[in-house]
Amino acid sequence: MPVTVTEQEKLSPLYKYFVADMTEASPEHYKAADEPMPSEFAMSPLDMNRMFDDGYLPARIGYAQLPDGTAMLSNCINMPGVTSEMFDWWFAWHGLEPLRYKIWCRDEHHSAITRNPEKAYDTTLSMKERYWDTVHDVKESMSPDGPVMDIVINFRNPADIGFSPEKLKDFDGTIVCAGNEHEPVIMCHFLCTVPGGSALHTRFWMGWCVKDGKPVKALPDGVVFPLEMPKELMRHNIKEYTNLATLLPKVYSEFKDKF
């Protein structure tokens, strides 16, 4: 069942995107979430700069337990017609009213509201800077019938979570990431320019936080992070970003100049 929308939201020009059919991922894509992949295929956040390299992982889609007890998931979504400019715009734009988040994944996205709207509206900043060092309060579920969770996302400059400033200078794409010293999860959406659009490589590292600009293990030694969470999140991630790949060029074309 789709999430609830208000009568006022039904009058919005965005509402047509809410009621439109979502683009569905293939069964083969979801099959990668059935079982964890071997730990040797998993990437530690300490190696995040390998993401700049070609062929950096033998498995781009899956979830795994790392040898230190932490967990990670990886996903890859092809996004034809999507540019890095669109992707940065989306993260600056969608936190300003709940319906913008709802159209992204109408079954599981309830709202995402930035605590820093003044930055989102600041035309003196680049689109990246409009969401860097901001906090979004998010309500979403991992499945249509799952519990609605309250999630806090602290978006960061990728150089401030461990990505190499030198490599970022020459990178043809954009990195949307989140992490701080308070939350034990690091999020990374690594969008690379490819012929005809972009390829999105996503990583979540669970049991990790960011301190002094670098990933730090937050999970106590001897504790094992349960794999049910990355498994559920992976299925949700496949669903939401498969739909965004189709949705974003349309919404950007209509609303890119309308904050």
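What follows is calculated from the coordinates using simple rules that are stated; it is not laboratory data. What you see is a predicted model, and the numbers here were worked out from it, not measured in a lab. When we count neighbours, we look across all protein chains shown, and the Cβ atoms used for this are built from the backbone with ideal geometry, even at glycine.
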| Wholly within the stretch 146-236, which strands (runs of 3 or more DSSP E) include no fewer than the required count, namely at least 2 residues that are in contact (Cβ under 8 Å) with a residue 40 or more places away in the chain and within 27 Å of residue 34 (Cβ to Cβ)? | 185-194, 197-206
| task | Could you tell me which numbered condition residue 106 fails, if it satisfies all but one of (1) farther than 20 Å from residue 245 by Cα; (2) out of contact with any strand residue (DSSP E or B) (no Cβ under 8 Å at 6 or more places or on another chain); (3) among the charged types (D, E, K, R)? | result | (1)
| note | Filtering the stretch 201-259 down to residues that are closer than 30 Å to residue 102 by Cα and of a type in the set (D, E, K, R) yields 203, 228, 231, 232, 235, 239, 240, 250, 254, 256, 257, 258
| query | If you go through the stretch 124-152, how many residues are surrounded by fewer than 19 Cβ atoms within 10 Å (Cβ to Cβ) and either of a type in the set (Asp, Glu) or touching a Phe, Trp or Tyr at 6+ places or on another chain (Cβ under 7 Å) (or both)? | reply | 5
| Taking the stretch 1-31, which residues are in contact (Cβ under 8 Å) with a residue 24 or more places away in the chain, under 25 Å from residue 75 (Cα atoms) and acidic (Asp, Glu)? | 24
| remark: Heads up, the helices (runs of 4 or more DSSP H) in the stretch 1-110 (entirely inside) with at least 2 residues that are out of contact with any Gly (no Cβ under 9 Å at 6 or more places or on another chain) and buried (at least 21 other Cβ atoms within 10 Å of the Cβ) are 84-93, 98-102
